[in-house]
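Written out below as structure tokens is the structure these notes cover.
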Amino acid sequence: MIVNAYSTLREPPEIDFEHTLSLHRELDDPAMVPHLGDMMGLACDRGRREMSATVYAVMRHLERTRHHYRFEIDDDALDGLAVWGWQSNSILMTTDQSFRDPARRILVHGDTGEAEGNATVPFPIDAIDRAADTRQAMSAMGLDVPHELPPVVGVGEVTMRSDDDIGWRMLALFITAVRAESLAASKGIPAAQLKAKSPMAFEALTPLERGFIEADNPDQQSIVNFAWRYEALYTLQWAVGMHSELKFADEICDVPLVAETMVNQADREIVTSVRLRPVKQILDALDMNLRLLWAARAAAMEQRECKVKLDGGVLSERQHALNWLVRFGGVPWDEVDTPT
């Protein structure tokens, strides 16, 4: 039997069952990303298949895949394959082009797209436990979220943004938020003046940020959107320890404090001195924020009052910042998505 295995772990365990390996590649292989794109297309039948929770989870798994194995095994090695598959957090694909869990139960049938009723998308144990803890905490608040909402990335899967990348990103967020705030008050600070004050921030601007800052008369929605970036900045400040806690998202952040925190340090010092919190703390915050954002969006869509006061705008900006930190989707800042 020929099996393709897709592991999301940075360092999966060695294969310890009888097999004949024909391929093992990682993300540094130039053929890897195109192959994973093809597999994602196969899972959703090039967009023609209904996007069920299982199909979506399989596609996200493939997007996070770091190791692709292809090997041939005999039937007497299937138990070993299952054990290794769970340990390595792998989804399998067999010659019938069905995606399967490590026990070979069908997640996405190659022809119908259907899943077996007991098939389970694999997630790392720490990610499963984290999601359970979040649901329990939210239940205590009176908020219930669906179990189908998957866990966030696990510690063994994630590669965080570097400390200096975070420092540069904070500079860019601050300068764009300052520009937006000044425009909202009809006292727009010219781009040249901002650049003279913080030339390093201009080095870190994304294309969308640069377009906004250099526009003479940006539209009102752009001004609002970039003013919201104070919330993303506050989240990154917390992530590098500039604030002791990430306050509950029931109101906007303390904007003067966020601004003061930036002004009190030289730009160069911010870039060179910030250090990220322990990864577990970031992932705990990400998982909680994801589920709170789901609750806020569900209440808004259903035009009902949420049982707990939540600010959807705050949660969205935090999710953007946290997703960027964990490299969700592997995209740059301007392209970060916040699906729930």
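The values are calculated or read from the model by the stated rules, or taken from the named source; none is laboratory data. Since the model is a prediction, treat every value here as computed from it, not as a measurement. Quick reminder, even Gly has a Cβ in these numbers, built from the backbone with ideal geometry, and neighbours come from all protein chains shown.
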Reported set for the range 199-241 where residues are surrounded by fewer than 19 Cβ atoms within 10 Å (Cβ to Cβ) and assigned to a loop (DSSP other than H, G, I, E, B) is Thr206, Ala215, Asp216, Asn217, Pro218, Asp219, Trp228, Val240, Gly241
Residue satisfying condition, being aromatic (Phe, Trp, Tyr), within 25 Å of Leu290 (Cα to Cα), free of Cβ contacts under 8 Å to residues at least 60 places away in the same chain and assigned by TED's automatic domain parsing to the domain that holds Ala131, within set Phe212, Phe248: Phe248
All positions within the range 79-136 that are in contact with a helix residue (DSSP H, G or I) (Cβ under 6 Å, 6 or more places away or on another chain), assigned to a loop (DSSP other than H, G, I, E, B) and aromatic (Phe, Trp, Tyr): none
State whether the residues of the range 282-305 include one that is farther than 21 Å from Leu62 by Cβ, part of a loop (DSSP other than H, G, I, E, B) and of a type in the set (A, V, I, L, M). no
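Residues Asp16, Asp28, Asp38: which one is among the charged types (D, E, K, R) and touching a residue at least 24 places away in the same chain (Cβ under 8 Å)?
Going through Asp16, Asp28, Asp38 in turn, the sole match is Asp16.
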Verdict on Leu143 being buried (at least 17 other Cβ atoms within 10 Å of the Cβ) and either among the polar types (S, T, N, Q) or outside any loop (DSSP other than H, G, I, E, B) (or both): no
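Of the residues Asp79, Asp28, Asp111, only one is surrounded by fewer than 16 Cβ atoms within 10 Å (Cβ to Cβ), within 23 Å of the chain's Cα centre (by Cα) and over 24 Å from Thr340 (Cβ atoms); which? Walk me through how you get there before you give the answer.
Values: Asp79 fails: within 23 Å of the chain's Cα centre (by Cα); Asp111 fails: within 23 Å of the chain's Cα centre (by Cα).
When all the criteria are applied, what remains is Asp28.
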Say whether the condition of being within 20 Å of Ile166 (Cβ to Cβ), among the polar types (S, T, N, Q) and crowded, with 21+ Cβ neighbours inside 10 Å is met by at least one residue in the range 289-298. yes
Return the only residue of Ala300, Ala295, Ala259 being in the same structural domain as Glu181 (by TED's automatic domain parsing), without any contact (Cβ under 8 Å) to a residue 60 or more places away in the chain and of a type in the set (A, V, I, L, M). Ala300
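Could you pull out the residue among Ala227, Ala232 that is assigned by TED's automatic domain parsing to the domain that holds Val274 and touching a residue at least 60 places away in the same chain (Cβ under 8 Å)? Write out each step before concluding.
Working: Ala227 fails: touching a residue at least 60 places away in the same chain (Cβ under 8 Å).
Only one candidate passes the filter, namely Ala232.
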Against the condition surrounded by fewer than 19 Cβ atoms within 10 Å (Cβ to Cβ), modelled with pLDDT of 95 or more and not small (Gly, Ala, Ser), how does Thr159 come out, does it pass? yes
Please work out if Ala185 is of a type in the set (Gly, Ala, Ser) and under 15 Å from Trp333 (Cα atoms). no
State yes or no: is Pro122 within 22 Å of Ala43 (Cβ to Cβ) and buried (at least 21 other Cβ atoms within 10 Å of the Cβ)? yes
Please find, among Glu260, Glu269, the residue that is within 22 Å of Phe248 (Cβ to Cβ) and assigned to a helix (DSSP H, G or I). Glu260
Scanning the range 115-146 residue by residue, the ones that are farther than 19 Å from Leu286 by Cα and out of contact with any Ser or Thr (no Cβ under 9 Å at 6 or more places or on another chain) total 5
Can you tell me which residue among Ser244, Ser316, Ser273 is of a type in the set (S, T, N, Q) and crowded, with 16+ Cβ neighbours inside 10 Å? Ser316
